[in-house]
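Asker: One structure is given below, represented as structure tokens, and several questions about it will come after.
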Amino acid sequence: MEGFKSSALGRVTVYSIQGCPHCVQAKATLRSLGVPVCEVDVGLHSELRVKLKELTGRSTVPQIFFNSVHVGGNDDLQKLATEELQRLVTLVKEEPLSANAPPLPESNPFEAPDEEIDGQLRGERDEFADLVEDLKHAGVIGTQRRGLTLYKNSFSGAQLVDWLQTKEGMAAELSLLLRELILKLFSEHLSADGKSVDYKGMSVDPAFERYCELAIQLQRVELLSLSREEKLAFFINIYNALVIHGYLRLGAPTNMWQRYKFFNYVSYLIGGEVFTLQDIENGVLRGNRKGIAQLLKPFSKTDPRLQVALPDAEPLIHFALNCGAKGCPPIKTYTPQDIDSQLLTAAEAFLENDDACMVDSGKNEVRLSQIFKWYKADFGGTDEKLLKWVLDHMGDSPKKTSLQDVLSAGKTKVSFLPYDWSSNSAH
């Protein structure tokens, strides 16, 4: 509510991540209610993920609390009856926070204390603050000349990469930075309801030009020395950034032929070799397996890129490369140090969504996302092995209990849900 100065005793707490359209929509709805909203980015504060899972039983974001009352995700918020929503607003305005209020991040000695501005609780440290401090101390950030124009407090892509090469894990750092930059851009051009992206506005944003300069430096990355964990984090981050970059340059594909061309032609030059989206997903991350509608493996036996491919398909990558569900995993960029636990969380978050997995006990049927049909070989190759894989990767929940009951009954029918290919472009 514009100009509202809250006199509320409590607060609404929203756990979210940057670039999540469901989180944006939820926060827009909450701000219209005239209650103090405290946003907690669990992408920045990963220490809260476990606590959040314990409190809610869910791995997806957003997760919303009115004082200590857990409402759920964005879908749950939008479905609330008017009377129930008013009851919750009154609770926040009239009841103080209890001792079991949902947790906030531990205070950072560099952070300013939370301030209340127009009913909104703010105060999170910007995710690039530590990096900027490091770059300033290293002398990387300074005044740059482009033609006749001087740019203060800036750096060139080459300078940044030279600095990264003095640090361990240069490839991982560069991929994480690129993913963070494009996500920040994406977030700033996401509509207030979280339903569309202004790709045209993104493409003329000066920050996008800086992103492109940095992406050119990928050709200097040494890929052959990367460990399995470094490859996973690097290529997942780069794939997700390249998809958005491709949308900016070519527009989002709108039919099957355009999608085929998009994934087979949109590419980066990395370590001296060209990698398309198809090459990254099926060549590197799936251990050089044929993709959808592919007659041949991405890399031939003499292709130098084959040396970069992982030895086996990594089925968990499908949930890090796709976010076609109604809730996002609480991770936005992937790191080599935590890659396996991050991927398990992404799979668990995906399976919580009913547009990814539905269990119909009455019909003894399990309906799964098309991803499981397209890449069935990665999940064991048979319906029986696929269902066991799904069960093993679900978080404890009523849905998991239902699936166990259905599987125990035997003769489970497997069907596949329609996949939503619709574009989120605002133009």
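The values are calculated or read from the model by the stated rules, or taken from the named source; none is laboratory data. Only a predicted model underlies this, so the values are computations on that prediction, with no experimental measurement involved. So basically every Cβ, Gly included, is an ideal-geometry build from the backbone, and we count neighbours across all protein chains shown.
One line per residue, one yes/no per condition, for (1) closer than 19 Å to residue 60 by Cβ; (2) out of contact with any strand residue (DSSP E or B) (no Cβ under 8 Å at 6 or more places or on another chain); (3) not assigned by TED's automatic domain parsing to the domain that holds residue 55:
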position: 369; (1), (2), (3): yes, no, yes
position: 382; (1), (2), (3): no, yes, yes
position: 387; (1), (2), (3): no, no, yes
position: 390; (1), (2), (3): yes, no, yes
position: 393; (1), (2), (3): yes, yes, yes
position: 396; (1), (2), (3): yes, yes, yes
position: 399; (1), (2), (3): yes, no, yes
position: 402; (1), (2), (3): yes, no, yes
position: 406; (1), (2), (3): no, no, yes
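To keep it simple, each residue is scored yes or no on (1) in contact with a His (Cβ under 7 Å, 6 or more places away or on another chain); (2) loosely packed, with under 15 Cβ neighbours inside 10 Å; (3) at pLDDT below 85.
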{"position": "160", "(1), (2), (3)": "no, no, yes"}
{"position": "181", "(1), (2), (3)": "no, no, no"}
{"position": "192", "(1), (2), (3)": "no, yes, no"}
{"position": "202", "(1), (2), (3)": "yes, no, no"}
{"position": "226", "(1), (2), (3)": "no, no, no"}
{"position": "233", "(1), (2), (3)": "no, no, no"}
{"position": "239", "(1), (2), (3)": "no, no, no"}
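Asker: Look at segment 392-419 and say how many of its residues are out of contact with any helix residue (DSSP H, G or I) (no Cβ under 9 Å at 6 or more places or on another chain) and among the aliphatic types (A, V, I, L, M). Break it down into steps so the answer makes sense when it comes.
Answerer: Residues of segment 392-419 out of contact with any helix residue (DSSP H, G or I) (no Cβ under 9 Å at 6 or more places or on another chain): 392, 396, 398, 401-402, 405, 408-411, 415.
With the extra rule that they be among the aliphatic types (A, V, I, L, M), the set shrinks to 409.
Residues in segment 392-419 being out of contact with any helix residue (DSSP H, G or I) (no Cβ under 9 Å at 6 or more places or on another chain) and among the aliphatic types (A, V, I, L, M): 1 in total.
Asker: Mind checking which pairs have a first residue in segment 382-410 that is within 15 Å of residue 315 (Cα to Cα) and a second that is among the small types (Gly, Ala, Ser) and assigned to a helix (DSSP H, G or I), Cβ under 8 Å, 6 or more apart or different chains?
Answerer: Between residues of segment 382-410 that are within 15 Å of residue 315 (Cα to Cα) and residues that are among the small types (Gly, Ala, Ser) and assigned to a helix (DSSP H, G or I), the close pairs are 393/347.
Asker: I'd like the full set of residues that are among the aliphatic types (A, V, I, L, M) and over 16 Å from residue 371 (Cβ atoms), limited to segment 277-294.
Answerer: 280, 284, listed by residue number.
Asker: Filter segment 270-317 down to the residues that are out of contact with any Phe, Trp or Tyr (no Cβ under 8 Å at 6 or more places or on another chain) and not in a loop (DSSP other than H, G, I, E, B), then identify the one that is farthest from residue 233 (Cα to Cα).
Answerer: Among those that are out of contact with any Phe, Trp or Tyr (no Cβ under 8 Å at 6 or more places or on another chain) and not in a loop (DSSP other than H, G, I, E, B), it is 304.
Asker: Another question about this same structure. Mind checking which residues of segment 339-365 are part of a helix (DSSP H, G or I), in contact (Cβ under 8 Å) with a residue 24 or more places away in the chain and not β-branched (Val, Ile, Thr)? Show your work before the answer.
Answerer: Restricting attention to segment 339-365, the residues satisfying the condition of being part of a helix (DSSP H, G or I) are 339-352.
In the following step, the residues that additionally are in contact (Cβ under 8 Å) with a residue 24 or more places away in the chain were identified as 339-340, 343-352.
The answer is 340, 343, 344, 346, 347, 348, 349, 350, 351, 352.
Asker: Would you say residue 83 is acidic (Asp, Glu) and at pLDDT 95 or above?
Answerer: Working: acidic (Asp, Glu): yes; at pLDDT 95 or above: yes.
Answer is yes for this residue.
Asker: For the subset of segment 204-224 comprising residues that are part of a helix (DSSP H, G or I) and among the aliphatic types (A, V, I, L, M), which member is surrounded by the most Cβ atoms within 10 Å (Cβ to Cβ)?
Answerer: Looking at residues that are part of a helix (DSSP H, G or I) and among the aliphatic types (A, V, I, L, M), I get 218.
Asker: Mind checking whether some residue in segment 369-380 is in contact with a helix residue (DSSP H, G or I) (Cβ under 7 Å, 6 or more places away or on another chain), at pLDDT below 90 and either charged (D, E, K, R) or surrounded by fewer than 16 Cβ atoms within 10 Å (Cβ to Cβ) (or both)? So that I can check it myself, show each step before the final result.
Answerer: Our first condition is that a residue be in contact with a helix residue (DSSP H, G or I) (Cβ under 7 Å, 6 or more places away or on another chain); within segment 369-380, this holds for 371-372, 375-376, 378-380.
Pick out the ones that are also at pLDDT below 90 and you get none.
The answer is no, given that none of the residues of segment 369-380 is in contact with a helix residue (DSSP H, G or I) (Cβ under 7 Å, 6 or more places away or on another chain), at pLDDT below 90 and either charged (D, E, K, R) or surrounded by fewer than 16 Cβ atoms within 10 Å (Cβ to Cβ) (or both).
Asker: Could I ask something else about it? Please state which one of 156, 187 is surrounded by 14 or more Cβ atoms within 10 Å (Cβ to Cβ), at pLDDT 90 or above and either in contact with a helix residue (DSSP H, G or I) (Cβ under 8 Å, 6 or more places away or on another chain) or not hydroxyl-bearing (Ser, Thr, Tyr) (or both).
Answerer: Testing whether each residue is surrounded by 14 or more Cβ atoms within 10 Å (Cβ to Cβ), at pLDDT 90 or above and either in contact with a helix residue (DSSP H, G or I) (Cβ under 8 Å, 6 or more places away or on another chain) or not hydroxyl-bearing (Ser, Thr, Tyr) (or both) leaves just 187.
Asker: Which residues, taken from segment 218-228, are out of contact with any Ser or Thr (no Cβ under 9 Å at 6 or more places or on another chain) and either touching a residue at least 24 places away in the same chain (Cβ under 8 Å) or of a type in the set (A, V, I, L, M) (or both)? Steps first, answer last, please.
Answerer: Narrowing segment 218-228 to residues out of contact with any Ser or Thr (no Cβ under 9 Å at 6 or more places or on another chain): 219-220, 222-228.
Answer for segment 218-228, where residues must be out of contact with any Ser or Thr (no Cβ under 9 Å at 6 or more places or on another chain) and either touching a residue at least 24 places away in the same chain (Cβ under 8 Å) or of a type in the set (A, V, I, L, M) (or both): 219, 220, 222, 223, 224, 226, 227, 228.
Asker: Please determine, by comparing only the residues of segment 1-48 that are charged (D, E, K, R) and more than 17 Å from residue 62 (Cα to Cα), which one is modelled with the highest pLDDT.
Answerer: Let us first name the residues in segment 1-48 that are charged (D, E, K, R), namely 2, 5, 11, 27, 31, 39, 41, 47.
Imposing the further condition that a residue be more than 17 Å from residue 62 (Cα to Cα) reduces the set to 2, 5.
Values: 2: 36, 5: 43.
The extreme case among them is 5.
Asker: Confirm whether residue 311 is at pLDDT 95 or above and within 23 Å of residue 403 (Cβ to Cβ). So that I can check it myself, show each step before the final result.
Answerer: Numbers: at pLDDT 95 or above: yes; within 23 Å of residue 403 (Cβ to Cβ): no.
Spelling it out, it is not the case that residue 311 is at pLDDT 95 or above and within 23 Å of residue 403 (Cβ to Cβ).
Residue-by-condition table, conditions (1) small (Gly, Ala, Ser); (2) outside any loop (DSSP other than H, G, I, E, B); (3) surrounded by 20 or more Cβ atoms within 10 Å (Cβ to Cβ):
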| position | (1), (2), (3) |
| --- | --- |
| 337 | no, yes, no |
| 367 | no, yes, no |
| 389 | no, yes, no |
| 402 | yes, yes, no |
| 406 | no, yes, yes |
